[in-house]
1. Evaluate the relative contact order of the stretch B:190-238 (contact order divided by residue number), counting alpha-carbon pairs under 8 angstrom at least 6 apart; express in whole percent.
2. With heavy atoms of protein chains only and a 1.4 Å probe, what residues of the stretch B:51-95 have at least 30 Å² less accessible area in the full set of chains than alone?
3. May I ask you to give the average projected area over all directions of the convex hull of the Cα atoms of the stretch A:56-155, in nm² rounded to one decimal?
4. Considering only protein heavy atoms and a 1.4 Å probe, what is the carbon-and-sulfur percentage of the accessible area of chain B?
5. What ranking, highest mean first, results for peptides B:212-219, B:76-83, A:54-61 when packing means the other Cβ atoms within 10 Å averaged over each residue?
6. Please give the peptides A:86-92, A:22-28 ranked by average Cβ packing (other Cβ atoms within 10 Å per residue), highest first, as a rough proxy for protection.
7. Checking the table A:Lys89/A:Lys215; A:Lys42/B:Lys73; A:Lys87/B:Lys73 against a 28 Å threshold on Cα-Cα, which pairs fail?
8. Among B:Lys150, B:Lys95, B:Lys194, which one shows the biggest mean-square fluctuation in a GNM of chain B, springs joining Cα atoms closer than 10 Å?
Number of protein chains: 2
Amino acid sequence: MMKPLSAKTAAELDASLMSTLGYTLEQLMELAGLSVAQSIYKEYNPINYPNATIICGPGNNGGDGLVAARHLKLFGYEKINVIYPIKGKNPFYDKLITQLKMFNIEVNDKLNNEILNNSNLIIDSMFGFSFHPPLRDPFDSILSTIIKSKNENNDRKIIAVDIPSGWDVDDGPIKDSITENYMPDMLISLTAPKPCSLKISPITNHYLGGRFISKNIADKWGFEVPNYKGVDQCIKLN
Amino acid sequence: MMKPLSAKTAAELDASLMSTLGYTLEQLMELAGLSVAQSIYKEYNPINYPNATIICGPGNNGGDGLVAARHLKLFGYEKINVIYPIKGKNPFYDKLITQLKMFNIEVNDKLNNEILNNSNLIIDSMFGFSFHPPLRDPFDSILSTIIKSKNENNDRKIIAVDIPSGWDVDDGPIKDSITENYMPDMLISLTAPKPCSLKISPITNHYLGGRFISKNIADKWGFEVPNYKGVDQCIKLN
């Protein structure tokens, strides 16, 4: 089991990556989103799971989802729908949306039932390591709808990016009527697992992505870089 | 054989990618550099070819090399040396150099013989599709040194990124005392092969990278997107 990175440390590391360590947000988001798409491809291939809906929040977790949407389409998924209820403030997100047009990926602000019923995969890219519960409108009702649709059709898979949205980053599921019933089929941790990842079900597929940190830096920050294979941008942890 | 993209069309497409199509330079360079590193890994693995020297020019081709250097280190190559004789004007290149520090990748402005003699791989990331011959100081003498070192040790492999530096992008090798003897062991075309790629030797390994364009856009610009496998960021063309 890998040592988890707390919400506080993850935020500090993120700031350090984009200051002294020299990365730009555009680079990190591209690599993170690519690793999300690769993880999904490895677990749920486009032949058996051709249609995916990605719910993107207004922050960086949502940005990772916007990048992943493009790569999933490039990897051969048939239909990708992006649900983007609240526009993020960073102008780079507008560019990420523009990039989707080339691939005929539809972007909507509301999740409608037709899209949901046709989705084999639902990707929760709403909130990441800087989230504090509870989920607010409209994301609370979106999560509720997703969970209901999963209960109606267990072949539909829910994939959470970094954090199952609504969970506390350090403590895991919280006691409220929506999130206490939320358990994704797959969790893709980015950079390092967060403490809440210890609370996933034994049958949740757990991946790690975000291959951009040296072992030296990971040592310094008290976490581990896993032994990625070859050129893989992700690794299955369980 | 894939339809090549002329110097003129490649420049126009590049401008379009970073305007109407919405990409940022940081994203495209990250994906291009990653595909360069993946191509190299597939052809010359880090067990048999542990040490690589990357010669980076002052433009975007050099930037692709700076990104590739980092990914090669992440893929397990033992010693990566970057030679960066003339600093590029774009401040993003300074960030790419900063990113190398985390991985203890040495950056020098001169190619010394000790580094060269210890290199299994020499990566020519000097000039790309906007280059016009002839090669100027200090790149002419660097290329001359590289070719000499290859003649002394044929196990040393020379890898060109997009264009073998010094060649004319549309016409291939030119008649001058240095470049007329230059034939890389491997060429990694980016986005689409350029016309000069038709002049490579039958034993030059030819790869394509830069997986970020839809088939629609490629059609519109008169070139093809190859059938990349799975999540691969590169494909071998011969």
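The values are calculated or read from the model by the stated rules, or taken from the named source; none is laboratory data. Predicted, not measured: the structure shown is a model, and the values here were computed from it. Reconstructed Cβ throughout: ideal geometry from the backbone, glycine too, with neighbour counts over all protein chains shown. Protein only, heavy atoms only, side chains kept; ligands, DNA and RNA dropped before computing areas. Shrake-Rupley method; radii C 1.70, N 1.55, O 1.52, S 1.80 Å.
1. 44
2. B:Leu74, B:Phe75, B:Lys95
3. 6.5
4. 49
5. The densest-packed peptide leads the list: A:54-61, B:76-83, B:212-219.
6. A:22-28, A:86-92
7. Violating the 28 Å limit, Cα to Cα: A:Lys89/A:Lys215; A:Lys87/B:Lys73.
8. Its mean-square fluctuation being the largest, the pick is B:Lys95.
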